[in-house]
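The values are calculated or read from the model by the stated rules, or taken from the named source; none is laboratory data. Given the structure is predicted, the values throughout are model-derived calculations rather than measurements. Don't worry about glycine lacking a Cβ; one is built from the backbone with ideal geometry, like all the others, and counts go over all protein chains shown. All accessible areas refer to the heavy atoms of the entire protein, side chains included, with ligands and DNA or RNA removed. Shrake-Rupley method; radii C 1.70, N 1.55, O 1.52, S 1.80 Å.
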Amino acid sequence: MAKIEESIEVAVPVTTAYNQWTQFEEFPRFMEGVERVEQRTPTLTHWVTKTDGVRREFDAVITEQIPDERVAWTTVAGEVRQAGVVTFHYLDVGRTKVMLQFDHDPDGFVDTLGDKLGFVRRQAKGDLERFKTFIESRGIETGEWRGAV
């Protein structure tokens, strides 16, 4: 298992950052390689990704969700094995630290090599940078889900 930890500061209130992160179907707008995310139930999502020409599908379940604090998940079916959490830390009225932590189990030689070369870490960092650009350019979230799991 590869452990990934990345964080970024965004210039929006914690509620705005958290609310946007709960909009899983919007992830393709800032996550590289994510073609589609379908929210099937309040806690189940279906993902379609494509990286370096390799298409994968998997399901992930939200295992914990606390408004303005954290969203945790684990994959439950499909071609990807990972589990993680994203947390939201109040810095001041208009700034939030978003921290992403997850364990990723590379599948096969190519994935293992890519992980050892830092591809997954760079992709996570890039996704957070694109999230920052996305939410700061909008200034408001595209939607919200305030339920707790």
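Here are some notes:
- Counting only protein chain heavy atoms and rolling a 1.4 Å probe, the accessible areas of Thr87, Thr142, Thr63 rank, largest first, as Thr63, Thr142, Thr87.
- Taking amide H as placed 1.01 Å from N in the peptide plane, Asp107 has its amide H under 5 Å from the amide H of Thr112, each at least 5 places away in sequence or on another chain.
- Shape category assigned to the stretch 49-94 from the gyration tensor of Cα positions, a/c cut at 1.5: oblate
- Our estimate of slack between Arg122 and Leu44, defined as 0.36 nm per intervening residue step minus the Cα-Cα distance, is 25.4 nm.
- Put Trp145, Trp21, Trp47 in order of accessible area, highest first, and with a 1.4 Å probe you get Trp145, Trp47, Trp21.
- Value at 222 nm in deg cm²/dmol, rounded to 500, when DSSP H runs of n ≥ 4 in the chain each add -39,500 (n - 2.57): -8000 deg cm²/dmol
- Of the residues Ala2, Gly118, Tyr18, the one whose Cα sits farthest toward the positive end of the charge dipole of the chain, with +1 on the Cβ of Lys and Arg and -1 on the Cβ of Asp and Glu, is Gly118.
- Accessible area in square angstrom per residue, the chain, 1.4 angstrom probe: 52
- Using a probe of 1.4 Å on the protein chains alone, the accessible area found for Asp111 is around 40 Å².
- Here the accessible area of the stretch 1-90 is 48 percent carbon and sulfur, with a 1.4 angstrom probe and all protein chains present.
- Full extension of the chain between Met1 and Val149 gives 50.7 nm of extra length, using 0.36 nm per residue less the Cα-Cα distance.
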